[in-house]
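For reference, the structure is listed below as structure tokens.
The values are calculated or read from the model by the stated rules, or taken from the named source; none is laboratory data. Quick caveat: nothing in here was measured; it's all calculated off a predicted structure.
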Amino acid sequence: MERNPVERRISLGEIPLWSWLMGALLLAMLFALLSASGALLAPLLGQAAEVADYLHEFAHDGRHLLAVPCH
């Protein structure tokens with residue numbers, strides 16, 4: 001069985017650095033959303049965290065949707 005000459009496999013070393021960094025950032029954001037509680041917003045937003053609690057509630061509902069235990 002011959003392989004298609006146009007088909008080419010990309011090695012891990014050929015993937016650009018920016019894509020590795022973007023992937024790491026996305027994984028960190030996913031971790032923060034799936035495992036963080038409302039206390040994560042306090043250092044970032046200060047007293048505005050109480051007003052912006054909807055962000056925590058949105059992530060909280062998302063965790064339930066993805067069946068991630070959170071409480």
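For every residue, the table says whether it meets (1) assigned to a helix (DSSP H, G or I); (2) at pLDDT below 75; (3) under 16 Å from the mean Cα position of the chain (by Cα).
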| residue | (1), (2), (3) |
| --- | --- |
| Glu2 | no, yes, no |
| Arg9 | no, no, no |
| Ala24 | yes, no, yes |
| Glu50 | yes, yes, no |
| Tyr54 | yes, yes, no |
| Pro69 | no, yes, no |
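What number of residues within the stretch 26-44 are at pLDDT 85 or above and more than 26 Å from Ala67 (Cα to Cα)?
Of the residues in that region, 0 qualify.
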